[in-house]
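The values are calculated or read from the model by the stated rules, or taken from the named source; none is laboratory data. In this text the structure is predicted, and so the values were computed from the model without any measurement. Methodologically, a virtual Cβ is constructed for each residue, glycine included, from the backbone with ideal geometry; neighbour enumeration extends over all protein chains shown.
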Amino acid sequence: MKLASTETTSTATRTKILIPILVGGGIAGTFDLISAFITFGWAVPRAVAGGLLGPQAIQGGAGIWVLGVLLHYSIAFGAAAIYCLSSWNLDFLREHFVVCGLFYGLAVHLVMNLVVLPLSAYHSMGPYQYAQLMQGLLVHMVLIGLPIATSLRVFCKR
């Protein structure tokens, strides 16, 4: 009998954590994509796909563009999943969601620019202009970290 209640609790916990991952990742991905469209134009998803396929993806068509959007959202959902799953062991992520969300956005920016981009097919790495660096940091802090942390706070009550 105890096994059945454990399975029910485990399923309920997974469902509870899935909602903030989907909502936070979706909102963060959408905000980031809109920001990228405003800053860099409509070809941004091709550049994202180029991280996987190489520079020739910039010349790609609609399929490459859709692949870039899918990759972009998979990164956003991955970032949300890492934050939300980490909250199981780190209660302060939910309790102090504003500060933690801002710092998480900063961490996401650093990982993207210092790990993901250098390892991508573009092998992109600096030099960074001060204004672009500040914009990137603020966008990631406010438009990525905060929505993810806020969705955890709102949708995952324990």
Residue within region 80-87 that is at pLDDT below 95, aromatic (Phe, Trp, Tyr) and more than 19 Å from residue 44 (Cα to Cα) present: no
Scope region 12-45; condition farther than 16 Å from residue 74 by Cβ and charged (D, E, K, R); matching residues: 14, 16
Residue 135, sole failed condition from (1) surrounded by 14 or more Cβ atoms within 10 Å (Cβ to Cβ); (2) in a helix (DSSP H, G or I); (3) not aromatic (Phe, Trp, Tyr): (1)
Region 30-63: number of residues that are within 20 Å of residue 119 (Cβ to Cβ) and of a type in the set (Val, Ile, Thr): 3
Long-range neighbours under 6 Å by Cβ, at least six apart or interchain, first residue more than 18 Å from residue 36 (Cα to Cα) within region 143-157, second outside any helix (DSSP H, G or I): 152/87
Qualifying positions in region 118-134 - out of contact with any helix residue (DSSP H, G or I) (no Cβ under 7 Å at 6 or more places or on another chain) and either under 19 Å from residue 46 (Cβ atoms) or not small (Gly, Ala, Ser) (or both): 118, 119, 123, 127, 128, 129, 130, 132, 133, 134
Qualifying residue in region 56-69 (condition: modelled with pLDDT under 95, assigned to a helix (DSSP H, G or I) and surrounded by 13 or more Cβ atoms within 10 Å (Cβ to Cβ)): yes
Where a residue in region 45-57 is among the basic types (Lys, Arg) and its partner, wherever it lies, is at pLDDT 95 or above, with Cβ under 7 Å and at least six apart: 46/64; 46/65; 46/68
Selection status of residue 127, buried (at least 18 other Cβ atoms within 10 Å of the Cβ) and closer than 22 Å to residue 39 by Cα: no
Residue in region 4-20 that is under 29 Å from residue 135 (Cβ atoms), in contact with a helix residue (DSSP H, G or I) (Cβ under 9 Å, 6 or more places away or on another chain), surrounded by fewer than 19 Cβ atoms within 10 Å (Cβ to Cβ) and at pLDDT 95 or above present: no
Residue among 97, 37, 77, 31 that alone is aromatic (Phe, Trp, Tyr), modelled with pLDDT of 95 or more, surrounded by 15 or more Cβ atoms within 10 Å (Cβ to Cβ) and closer than 19 Å to residue 132 by Cβ: 31
Criterion violated by residue 114 - all others in (1) surrounded by 15 or more Cβ atoms within 10 Å (Cβ to Cβ); (2) at pLDDT below 90 satisfied: (1)
